[in-house]
Amino acid sequence: MTVSHWIDGAQVPSDGASQPILDPSTGQQIGEVALADAAVVDAAVTSAVAAQRGWGDASLAKRMEVMYAFRQLLVDNTQELARIISREHGKTVPDAAGEIARGRESVEFACGIGAHLKGDYSSNVSSGVDVHSIRQPLGVVAGITPFNFPAMVPMWMHPIAIATGNAFILKPSERDPSASNFVAGLYKRAGLPDGVFQVVHGGKDAVDALLTHPQVAAVSFVGSTPIARYVQQTAIGAGKRVQALGGANNHAVVMPDADMAFAASQIAAGAFGSAGERCMAVPVAVAVGGAGEALIAELRKEAEAIVVGPGDKASTTMGPVITAASKQRVVDFIAEAVAGGAEAVVDGRGLVVAGHEEGFFVGPTVLRGVQTSMRAYCDEVFGPLLVVMEVDTLEDAIALINSGPYGNGTAIFTASGEAARVFTERVEVGMIGVNVPIPVPVGYYSFGGWKNSLFGDHHAHGPEGVRFYTRAKAITTRWPHQAQRNVSASLNFPGHT
Ligand code: NAD
């Protein structure tokens with residue numbers, strides 16, 4: 001099976017370069033993905049430009065009708081799409097269904113795009129002069145997305161880009177490309193004109209072609225921080241509007257007054273769900289004021305109860321990581337920390353899943369006694385590794401978080417409203433949970449971190465998505481009556497009358 005580009009309403013054959021798609025639970029190749037070059041990207045952009053002219057003129061009623069139909073198709077096809085994601089990504093099927101449901105929130109927001117595109121109107125700003133504002137689509141916009149949410153992260157982008165009248169070109173991760181073509185098929189069935197949603201597959205060559213193509217007006221990127229920075233700088237250099245969301249190293253603070261069993265269960269879900277491969281994962285717990293012993297005891301129970309296996313097996317609660325290199329990286333981080341004096345409370349390095357010996361599995365791991373200079377703490381782990389740091393006060397915990405380079409998500413577990421308020425006011429992070437471990441905002445808010453977790457001025461989806469994918473026009477109107485027509489205009493810059 002070769003997954004190829006989706007252009008003008010169908011998958012097009014590709015005789016160019018390709019690379020293998022692997023099943024992370026076996027390590028075996030299960031397909032190939034085509035790799036677009038600049039010529040393929042240009043073909044996709046050129047036909048998107050033509051399609052956007054008609055789509056940009058389509059009524060809001062028509063656009064919303066397509067979004068409603070697309071939403072229903074997503075609901076009806078959730079299980080099939082979840083199985084496609086699980087097979088190439090490795091996450092469990094229910095977890096994949098969860099990401100589809102969260103992504104669908106953005107589609108539901110786009111179903112009401114008419115309300116979000118309402119302009120302003122001011123009557124009689126000067127004698128007989130009115131002003132109104134509208135927002136119009138940018139044209140052709142592109143989205144470049146990571147492997148870890150092959151359905152949800154693109155859905156932060158395309159429903160809003162399309163509902164606001166743009167054509168959208170998706171360049172998904174080459175590691176799990178099939179979900180994007182499946183979604184393209186759903187859009188077609190929903191009545192979206194061909195060419196308005198295109199998919200080009202590939203790696204750096206495809207990305208670079210999009211970043212520099214003169215007819216791509218804007219780029220949304222989600223992925224690791226070094227690539228986010230590169231994408232932002234390259235696309236800005238080419239004169240485009242850019243939002244580039246990067247990596248994360250999210251901390252969950254646990255106060256001594258927290259319900260420890262509850263906090264540990266929530267933090268374990270954040271640390272080990274999807275094998276820790278979420279930008280809103282919780283790789284660091286910060287135990288405050290002696291909370292460490294009780295928290296670690298509960299975390300040990302949680303980690304040891306996790307059932308690791310292939311994502312399509314009903315009993316599995318945690319799947320593999322995405323590649324052999326990802327597995328090695330996590331194992332190396334653990335080894336380096338233990339060699340430096342950290343204690344492995346739970347050590348997942350030796351885990352073998354029977355019948356899946358070549359799969360990219362690492363067991364849930366909990367470390368304590370880690371130094372802030374160790375990669376297990378200061379790098380983005382993106383694997384099932386939870387580090388427990390111990391500090392004296394809430395101020396120490398906030399200082400620890402604010403000293404890091406990322407600012408995506410964080411959480412506090414406490415029974416104290418005062419502690420929660422101090423934390424939410426002072427911490428330099430874009431998305432905060434109070435007794436909620438993975439505070440991904442619902443689709444009618446916007447998603448975005450601070451510092452090295454987001455480069456650009458707009459967060460993703462929700463109201464900020466509408467602003468990102470549209471540009472404003474202010475229109476000043478006069479319909480002069482006879483007496484006004486007889487008065488000559490002054491050469492002076494007009495004041496108010
Ligand atoms: P990645 O940066 O390796 O890849 C992201 C995209 O960039 C892919 O489409 C990939 O093909 C492309 N790409 C990779 N290398 C490139 C290069 N040299 N030049 C141009 N394009 C390139 O990220 P990933 O491993 O797929 O995903 C994991 C990362 O994404 C983590 O760092 C995670 O935190 C981050 N992420 C962030 C958010 C967020 O909202 N901030 C959400 C999800 C994932």
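The values are calculated or read from the model by the stated rules, or taken from the named source; none is laboratory data. What you see is a predicted model; the values in this text were computed from it and never measured. Here the Cβ is made from the backbone with ideal geometry for all residues, glycine too, and neighbour counts use every protein chain on show. These area figures cover heavy atoms from the full protein model, side chains too; ligands, DNA and RNA do not enter into them. Shrake-Rupley method; radii C 1.70, N 1.55, O 1.52, S 1.80 Å.
The table that follows gives values for the structure above.
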quantity	calculated
Hey, A217 more than 17 Å from the chain's Cα centre (by Cα), more than 14 Å from the ligand (Cβ to nearest atom) and modelled with pLDDT of 95 or more or not	yes
E32 being part of a strand (DSSP E or B) and at negative phi	yes
Lone qualifier among A110, A101, A96 - being surrounded by fewer than 21 Cβ atoms within 10 Å (Cβ to Cβ) and either in a helix (DSSP H, G or I) or on the phi < 0 side of the Ramachandran plot (or both)	A101
Scan of the range 405-446 for residues that are open to solvent by 20 Å² or more (accessible area, probe 1.4 Å), assigned to a loop (DSSP other than H, G, I, E, B) and more than 24 Å from E105 (Cβ to Cβ), ordered by number	P405, A415, S416, E428
Test: residue in the range 235-248 that is in contact (Cβ under 8 Å) with a residue 60 or more places away in the chain, over 23 Å from the mean Cα position of the chain (by Cα) and more than 29 Å from E390 (Cβ to Cβ)	no
Count of the range 227-241 residues which are among the small types (G, A, S) and either more than 12 Å from the ligand (Cβ to nearest atom) or open to solvent by 10 Å² or more (accessible area, probe 1.4 Å) (or both)	3
Any chance A248 is more than 12 Å from the ligand (Cβ to nearest atom) and in contact with a strand residue (DSSP E or B) (Cβ under 8 Å, 6 or more places away or on another chain)	no
Members of the range 15-29 found to be open to solvent by less than 60 Å² (accessible area, probe 1.4 Å), part of a strand (DSSP E or B) and free of Cβ contacts under 8 Å to residues at least 40 places away in the same chain, listed by number	S18
Among residues of the range 203-214, those that are in contact (Cβ under 8 Å) with a residue 12 or more places away in the chain and within 7 Å of the ligand (Cβ to nearest atom), counted	3
From the options G290, G311, residue that is over 16 Å from V345 (Cα atoms), more than 14 Å from the ligand (Cβ to nearest atom) and open to solvent by 10 Å² or more (accessible area, probe 1.4 Å)	G290
Count of the range 370-394 residues which are within 12 Å of A287 (Cα to Cα) and either in a loop (DSSP other than H, G, I, E, B) or free of Cβ contacts under 8 Å to residues at least 40 places away in the same chain (or both)	2
Single residue of the range 180-191 satisfying the filter (more than 13 Å from the ligand (Cβ to nearest atom) and crowded, with 24+ Cβ neighbours inside 10 Å) that is farthest from the chain's Cα centre (by Cα)	Y187
Residue within the range 127-134 that is open to solvent by less than 20 Å² (accessible area, probe 1.4 Å) and either among the polar types (S, T, N, Q) or more than 27 Å from K473 (Cβ to Cβ) (or both) present	no
The range 447-463, subset within 16 Å of A110 (Cα to Cα) and more than 13 Å from the ligand (Cβ to nearest atom), residue surrounded by the most Cβ atoms within 10 Å (Cβ to Cβ)	G462
Among the residues listed as S224, S265, the single one being surrounded by fewer than 20 Cβ atoms within 10 Å (Cβ to Cβ), hydroxyl-bearing (S, T, Y) and within 16 Å of the ligand (Cβ to nearest atom)	S224
Number of positions in the range 159-184 that are in contact with a Leu (Cβ under 9 Å, 6 or more places away or on another chain) and under 21 Å from T2 (Cα atoms)	9
Looking only at the range 135-150, and only at residues there that are within 16 Å of the ligand (Cβ to nearest atom) and closer than 18 Å to R53 by Cβ, the one that is surrounded by the most Cβ atoms within 10 Å (Cβ to Cβ)	A142
Cross-chain or 6+ apart pairs with Cβ under 8 Å, the range 151-179 first and farther than 15 Å from F447 by Cα and open to solvent by less than 10 Å² (accessible area, probe 1.4 Å), then among the basic types (K, R) and not in a loop (DSSP other than H, G, I, E, B)	I162/R63; A163/R63; T164/R135; G165/R63
Enumeration of residues in the range 327-352 that are in a loop (DSSP other than H, G, I, E, B), open to solvent by 20 Å² or more (accessible area, probe 1.4 Å) and touching a residue at least 24 places away in the same chain (Cβ under 8 Å)	G340, G341, L351
Hits in the range 464-497 (condition: among the aromatic types (F, W, Y), open to solvent by 100 Å² or more (accessible area, probe 1.4 Å) and touching a residue at least 60 places away in the same chain (Cβ under 8 Å))	W479
R71 among the basic types (K, R), open to solvent by 20 Å² or more (accessible area, probe 1.4 Å), under 30 Å from S315 (Cβ atoms) and assigned to a helix (DSSP H, G or I)	no
Condition check for A324: of a type in the set (G, A, S), in contact with a strand residue (DSSP E or B) (Cβ under 9 Å, 6 or more places away or on another chain), surrounded by fewer than 21 Cβ atoms within 10 Å (Cβ to Cβ) and farther than 30 Å from D259 by Cβ	yes
Filter result for the condition that a residue is among the small types (G, A, S) and farther than 22 Å from G270 by Cα, over A460, A472	A472
